[in-house]
Amino acid sequence: MSLMSSGDRLRVRPARADEAPALSELALRSKGHWGYDADFLAACRDELRLRPEDLTPGNATVAEDAAGRVLGFVLIDGAPPRGRLDMLFVDPSAMGAGVGRRLYAEGLATARRLGMRSLAIDADPNAEPFYRAMGARVVGVVRSGSIAGRVLPLMEADVPQAGAPHAAAPAGSLPR
């Protein structure tokens, strides 16, 4: 059952340092949605663990429903001109409801505000179609930080600059 109905409003706000443990668990639930087994998820746990200091002001955004339930988050890292979309995870119960699109748009806005012109994305293979739909492109492969011998699509997304023709949020983004 989805956490959101068509009448729910999605709100975004900066992530708080005290949310690091809950966001780490959300990331694991999200990854688990793709059918990975317990051993695989255990191997990913350290890489997906957020520390309070990872959630510095201005680099992490959460999406929540009208009741204040966190439905997903995005984390931008790095330095201009090329940053990194470090994490974007949506609670499985909110997948398909536009949360990922909204968080992706917020991530691009954060990157633009930080002076970035592009973002690198080490994508889970299951998330590659989503990132492609958002306009990112595969530029290579990168080794998994969790699973020896596993490679992931390395993707890149241009960060629309203010006043650019494509500076608006992706089609289908939810209202603020």
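The values are calculated or read from the model by the stated rules, or taken from the named source; none is laboratory data. All of these numbers come straight from a predicted model, not from anything done at the bench. Heads up, the Cβs are rebuilt from the backbone with ideal geometry, glycines too, and the neighbour counts pull from every protein chain shown.
A few notes on this one:
- The residue list 114, 108, 85 contains one member that is within 9 Å of the chain's Cα centre (by Cα) and either within 20 Å of residue 137 (Cβ to Cβ) or hydrophobic (A, V, I, L, M, F, W, C) (or both), which is 85.
- Residues satisfying the stated conditions in segment 34-54, i.e. modelled with pLDDT under 95 and assigned to a loop (DSSP other than H, G, I, E, B): 34, 35, 36, 37
- Just one of the numbered conditions (1) in contact with a Pro (Cβ under 8 Å, 6 or more places away or on another chain); (2) of a type outside the set (Val, Ile, Thr); (3) closer than 20 Å to residue 54 by Cβ is not true of residue 113: (1).
- Applying the criterion of being among the hydrophobic types (A, V, I, L, M, F, W, C) and in contact with a Ser or Thr (Cβ under 9 Å, 6 or more places away or on another chain) to the residues of segment 13-52, the residue that is farthest from residue 130 (Cα to Cα) is 17.
- Look at segment 42-71: where a residue is more than 24 Å from residue 93 (Cβ to Cβ) and touching a residue at least 24 places away in the same chain (Cβ under 8 Å) and a partner is in a helix (DSSP H, G or I) and among the acidic types (Asp, Glu), sitting 6+ places away or on another chain with Cβ atoms under 9 Å, you get 52/18; 52/19.
- Within the option set 105, 63, 97, 120, being surrounded by 18 or more Cβ atoms within 10 Å (Cβ to Cβ) and either acidic (Asp, Glu) or assigned to a loop (DSSP other than H, G, I, E, B) (or both) holds for one residue only, 97.
- Residue within segment 4-22 that is assigned to a strand (DSSP E or B), at pLDDT below 95 and of a type outside the set (D, E, K, R) present: no
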